[in-house]
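K.L.:
Right, I'll just put the structure down here and ask away after.
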Amino acid sequence: MQRFMGIDGGGSNCRVVITDDNMNELIRVKRGAVNPNTVGRDQSALRIQDAIREALKTLNLNSVDGVGIGVAGASSIYAEDWLRATIQEVLPDTFVAPASDNEIALVGGTGERYGLLLLAGTGSVGFGMNRDGDKLQVGGWGYILGDEGSGYWIGLQALKLLIHYKDHGKSFSPFVEQVAIYLKENGASHLVEWVYIQQENPIPVIAKIASVVLDSADIGDNEALKIIEQAANDIYDMKTMLMNRLNMVNPPIVLAGGLLTSENVYSQHLLSKPGLETVIQAKHEPVIGAALLAKLALHQNITA
């Protein structure tokens, strides 16, 4: 029986699993954040390697047949050598399939190296892979350059609308009033100071304001609905770009991120658009997708 290891280095923590040939989980180990852009490559590598050693020791294994790894902030496009070296420090003779965190989420979701991933959480991104193995990411440029349709983007639009009302000396609309109440309850008596000084990282803080937008849109507020509709359009545009550039027709589509995987007015708007009939429920979580990627790449003799 073959054994495969999957490593998912998400933004907040790292998960390592070992599975059997049928992707049944045998052991899971967790560690802290391993995004090399946040904690540095040395610290990231040490945490990943420590988790690998614990997983192997628990199952009394010396090695596995293949390792799939996807780490946020370490796309295989520019970090393949580092990803391989990190694994081979512990498993020098093991097949390694380096990938992005988006790729392992896609493979886990569709159960194959094919399809589209549309993600909207704090950030946003679209990722696809066609039958020829061509990969493409659209979006995912971060909060300064993009992240349209993300929780951060939605929250930011709410703040900008609030500022518009203030600058024009207009009485708050019901929606803007709800935004103002949220800010007051969260200590934002002075908005500029709250955003630029008080918050160590304003991105997740602003993203949480999306909940106010969703609640208002859910009861039919036009201003909130306009923001949600634009967010859904932006994610839908990612889907269109991916399909056109990868020459794909009706591929399986997996939704990811808290905004799209929960039942809410945003996900409903997106799913009402044409061509999204092929959205499927994710078959596996990303860390199992990493193990599956290793299995598929190994059996197909692909360097991933």
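K.L.:
What's the Kirkwood radius of the range 251-304 in Å, using all Cα pairs?
P.N.:
Details: mean 1/r = 0.0763 Å⁻¹.
About 13.1 Å, per the Kirkwood formula over Cα pairs.
K.L.:
Dividing the Cα radius of gyration by the Kirkwood radius, what Rg/Rh value follows for the range 198-263? Don't skip to the answer; put the middle values down first.
P.N.:
Values: Rg = 15.1 Å, Rh = 14.1 Å.
With Rg and the Kirkwood Rh in hand, the quotient comes to 1.07.
K.L.:
Using the per-residue mean of other Cβ atoms lying within 10 Å as a proxy for protection, in what order, highest first, do the peptides 291-299, 105-113 fall?
P.N.:
105-113, 291-299
K.L.:
For the range 1-57, build the convex hull from the C-alpha positions and give me its volume per residue in Å³.
P.N.:
69 Å³
K.L.:
Given a Förster distance of 41 angstrom, what is the FRET efficiency for Ser63 paired with Ser262, based on the Cβ-Cβ distance and rounded to 0.05?
P.N.:
The computed FRET efficiency comes out at 0.55.
K.L.:
Please report the antiparallel percentage of DSSP beta bridges with both residues in the chain, rounded to the nearest 5.
P.N.:
On the way: 24 of 41 bridges.
For the chain, the DSSP antiparallel bridge percentage is about 60.
K.L.:
Give the lysines whose C-alpha is closer than 30 Å to that of Lys135, dropping any in the same chain fewer than 8 places away, or say none.
P.N.:
The reachable lysines, counting only those whose Cα sits under 30 Å from Lys135, are Lys30, Lys239, Lys273, Lys283, Lys295.
K.L.:
May I pose another question? With viscosity set to 1.567 mPa s and temperature to 4 °C, compute the Stokes-Einstein D of the chain, Rh being the Kirkwood radius across alpha carbon pairs; µm²/s, no decimals.
P.N.:
63 µm²/s
K.L.:
Hey, any idea what the orientation-averaged projected area of the convex hull of the range 52-147's Cα atoms comes to, in nm²?
P.N.:
Values: hull surface 29.5 nm².
Result: 7.4 nm².
K.L.:
Measuring from centroid to centroid over Cα atoms, what is the spacing of the range 1-62 and the range 129-184 in Å?
P.N.:
Measuring centre to centre over Cα atoms gives 34 Å.
K.L.:
Just to verify a number: FRET efficiency for Gln88 and Lys170, C-beta to C-beta distance, R0 = 51 Å, to 0.05?
P.N.:
That pair, Gln88 with Lys170, gives E of 0.25.
K.L.:
Also, I was wondering about something else. Can you give me the relative contact order of the chain as a percent, contacts being Cα pairs under 8 Å and 6 or more apart?
P.N.:
About 24 percent, as a whole number.
K.L.:
Which aspartates and glutamates, if any, have their Cα less than 19 Å from the Cα of Lys226, not counting same-chain residues under 8 positions apart?
P.N.:
List returned: Asp147, Glu148, Glu177, Asp215, Asp218, Asp234, Asp237, Glu263.
K.L.:
Output the peptides 276-285, 30-39, 252-261 sorted from most to least packed, where packing is the average of other Cβ atoms within 10 Å over each peptide's residues.
P.N.:
252-261, 30-39, 276-285
K.L.:
Enumerate the amide H contacts of Val279 below 5 Å, restricted to partners 5 or more residues apart or on another chain; note that Pro and chain-start residues carry no placed amide H.
P.N.:
Ile253
K.L.:
I've got another one for you. For the pair Lys160 and Asp237, how long in nm is the line joining their label points, each one 7 Å along Cα→Cβ?
P.N.:
Placing both labels 7 Å along Cα→Cβ, they lie 1.2 nm apart.
K.L.:
Which distance in nm do the two modelled labels at Arg245 and Met1 give, with both placed 7 Å along the Cα-to-Cβ direction?
P.N.:
4.2 nm
K.L.:
For the residue pair Val39 and Glu112, what label-to-label distance in nm results when each label sits 7 Å from Cα along the Cα-to-beta-carbon direction?
P.N.:
Rounded to a tenth, the inter-label distance reads 3.5 nm.
K.L.:
Can you quote the Å³ per residue value for the convex hull of the Cα atoms in the range 137-286, rounded to an integer? Walk me through the intermediate numbers first.
P.N.:
Working: hull volume 20.4 nm³, N = 150.
It is 136 Å³ per residue.
K.L.:
Counting pairwise Cα distances across the range 182-228, what percent come out greater than 11 angstrom? Intermediate results must be reported in sequence, preceding the final value.
P.N.:
Numbers: 748 of 1081 pairs.
Of all Cα-Cα distances in the range 182-228, 69 percent exceed 11 Å.
K.L.:
Quick one: P(r) of the range 1-109 from all Cα-Cα pairs, 10 Å bins, percents rounded to integers, in order of increasing distance.
P.N.:
Once binned at 10 Å, the Cα pair distances of the range 1-109 give 16, 54, 28, 2.
Each value in this text was obtained by applying a stated rule to the coordinates, not by laboratory testing. What you are looking at is a predicted structure, and each value in this text was computed from that prediction instead of being measured. With ideal geometry, Cβ positions are generated from the backbone for all residues, glycine too; neighbour counts draw on all protein chains shown.
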